[in-house]
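Quick notes on the structure that follows.
The values are calculated or read from the model by the stated rules, or taken from the named source; none is laboratory data. What you see is a predicted model; the values in this text were computed from it and never measured. Here the Cβ positions follow ideal geometry from the backbone for every residue, glycine too, while neighbour counts run over all protein chains shown. To get the accessible areas, we keep the full protein, side chains included, count just its heavy atoms, and leave off ligands, DNA and RNA. Shrake-Rupley method; radii C 1.70, N 1.55, O 1.52, S 1.80 Å.
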Amino acid sequence: MNTHRKVSDKVAISDVTLDESIYPREKIDHKRVSIFAENLRENVKFDPIVVQIHPKKKGKYRILDGAHRWNAHKEVGLTDIQVIILDLEGMEPLLYAAKMAIGPKQLTENETRSTARRAFQNNSRLTSSEIGRLIGRSRQAIDNYIADLRAVRQIKLDLKIWRMNRLGIPQERIAMRLGETRNILRNHLVKMPIMAKSPNSDLSSGLTIPQVAVKHGWSEPMLWSLVLKGKSDQTRFKNLGWGLRTWDLWNFNDCDPRFGDEWPGRIPAQMIGHILFYFSSPGDLIFDPMAGGGVTADTCLALGRRCWSLDMEDRADSRPEIEPYHWNMTIKNWEDTILAGREKPDLIIFDPPYFQKKAASYGENSIARLPRLEYLHFLENFFRFFKKNTKKTTRFALINSDWRDFQSCPALKEEAQNAILLTDYYKILETAGWELTHIIQAPLSSERFNAITVSAMQEKKILGVTSRYILLLKQKPDIDKK
Ligand SMILES: C[S@@+](CC[C@H](N)C(=O)[O-])C[C@H]1O[C@@H](n2cnc3c(N)ncnc32)[C@H](O)[C@@H]1O
């Protein structure tokens, strides 16, 4: 067992905690505690208890072995206790604790079963042999204990792979993201056509998409991807119930709840659907560099586009298709970063956090927290980077909203240098080598202002912002290369 021991002096009893999530026994045996307490009163010496530094509570330790001795110390009224502090070097603490428990007082059958299950739930990459070795059971016994958990995990893994594969993410990236080998991934990929059989037959026997989603654990966008396969964009819109806007005013009252997660600054899937409809073709590769709640990826599934997404927030379990990546503003050029060697996208959909708005809802390193000039500088760099790292034919859709400091300021007193308007974005896009082909209005809903706010604004002559635009751009020809 690879562990680093560090003998320590005594530590305060109050700094030692019993963490139930890594405690293998069902309950403390109070009779045993009383016997230990009696021994302590008679000055019998005990071995030090074994602890590890608490991963979540600063300055505290959690018990790996010695819960009864620790309780006895408390019962006697002692204020400190001799400990050995262990560094488990990545080993599952629950399994270590279970191994230690084997000697003095065997775990019951229930406790062993529950420990094996909890260990697998904490780390599903543990093999039955590894678990069995540590808790003193055979591989077959562990296989029986965790058979149902393993089956659920397999299904979840299959669903993740299905979704990522459908979005056109290359196999080596799927394997890396899910922490599986290429071989395991290939074995799962072979099963993909069979996986769709039951949902398909339920759909043909009249169950609705939401019913089948619940029954089989599929997301609705995945099912749409299945049922709409091979259909035209127009038919897909009809089936999804999205009225197709024929002009350049795209107003939607609400976000379609079937696509993307609840997320600060979530945009309507219908809007992404329209961008895809007019500015990409089925099978195209769409790139969303700040993907948030995953609306773009979900909409791409429904409309048969491939999609690669990044975001600084990592949600490996619920959104494995969004790769974790932080665009670091101190890097002058991103050439050698994540996009190096990857296929170039046909369309970029970029929905950055708007300047300052909702800054507190995003991570600390989000660009929403930058001062105005740095924010614009970051975007200019970003636009230049896109220009250099995409195809001549790549289209670019920038979703943005005017930012004006109107909150408590009458319209007449607003200052231009405090605002970022459509024209500011346009200027930096131009400098970075992009030319505008369309400006589409996609206003925010004004319902977000309640009646009291509206009347206060009217009183003070404050002019709010509900405008939002989608700027569509293509690359300006490179003058140097002409
Ligand atoms: C407006 S949200 C995107 C919302 C998304 N379109 C949706 O509908 O769910 C902007 C995203 O940018 C991400 N972000 C901000 N700064 C970033 C950075 N420097 N690198 C990577 N992601 C960043 C935030 O985590 C946030 O999820």
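Points to keep in mind about this one:
- Filter pass, Lys99 being basic (Lys, Arg), in a loop (DSSP other than H, G, I, E, B) and open to solvent by 20 Å² or more (accessible area, probe 1.4 Å): no
- Every listed requirement among (1) within 21 Å of Ile349 (Cα to Cα); (2) exposed (fewer than 15 other Cβ atoms within 10 Å of the Cβ) is met by Lys460 save one, (1).
- Index of the failed condition, Gly292 passing every other in (1) more than 7 Å from the ligand (Cβ to nearest atom); (2) on the phi > 0 side of the Ramachandran plot: (1)
- Matching residues, segment 256-294, being in a helix (DSSP H, G or I) and either free of Cβ contacts under 8 Å to residues at least 12 places away in the same chain or open to solvent by 10 Å² or more (accessible area, probe 1.4 Å) (or both): Gln270, Phe277, Tyr278, Phe279
- Test: Ala297 is under 28 Å from Met164 (Cα atoms), part of a helix (DSSP H, G or I), open to solvent by less than 10 Å² (accessible area, probe 1.4 Å) and not β-branched (Val, Ile, Thr): yes
- Of all residues in segment 300-323, those satisfying the criterion of being open to solvent by less than 10 Å² (accessible area, probe 1.4 Å), of a type outside the set (A, V, I, L, M, F, W, C) and within 17 Å of Asp346 (Cβ to Cβ) are Arg305, Ser309.
- Some residue of segment 337-344 being open to solvent by less than 30 Å² (accessible area, probe 1.4 Å), within 22 Å of Phe383 (Cα to Cα) and not hydroxyl-bearing (Ser, Thr, Tyr): no
- Cβ-Cβ distances below 8 Å connect no pair with a first residue in segment 457-480 that is in a helix (DSSP H, G or I), a second residue that is at pLDDT 95 or above, and a separation of six or more residues or different chains.
- The condition (being of a type in the set (Asp, Glu) and open to solvent by 50 Å² or more (accessible area, probe 1.4 Å)) is satisfied by just one residue among Glu92, Glu38: Glu38.
For (1) touching a Lys or Arg at 6+ places or on another chain (Cβ under 6 Å); (2) at pLDDT 90 or above, each residue gets a yes or a no:
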| residue | (1), (2) |
| --- | --- |
| Lys45 | no, no |
| Ile49 | yes, yes |
| Ile53 | no, yes |
| Arg62 | no, yes |
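- For the criterion of being farther than 17 Å from Ser124 by Cβ and either open to solvent by 40 Å² or more (accessible area, probe 1.4 Å) or in the same structural domain as Asp317 (by TED's automatic domain parsing) (or both), Asn187 fails.
- Failed item in (1) of a type outside the set (Ser, Thr, Tyr); (2) in the same structural domain as Ser318 (by TED's automatic domain parsing); (3) surrounded by 14 or more Cβ atoms within 10 Å (Cβ to Cβ); (4) away from the ligand (no atom under 14 Å from the Cβ), with Asn253 passing the rest: (3)
- Contact map, segment 363-390: first residue under 18 Å from Thr431 (Cα atoms) and open to solvent by 10 Å² or more (accessible area, probe 1.4 Å), second residue small (Gly, Ala, Ser) and more than 13 Å from the ligand (Cβ to nearest atom), Cβ cut-off under 7 Å, separation 6 or more or different chains; pairs are Glu380/Ala432; Arg384/Ala432; Arg384/Gly433; Lys387/Ala432; Lys387/Gly433.
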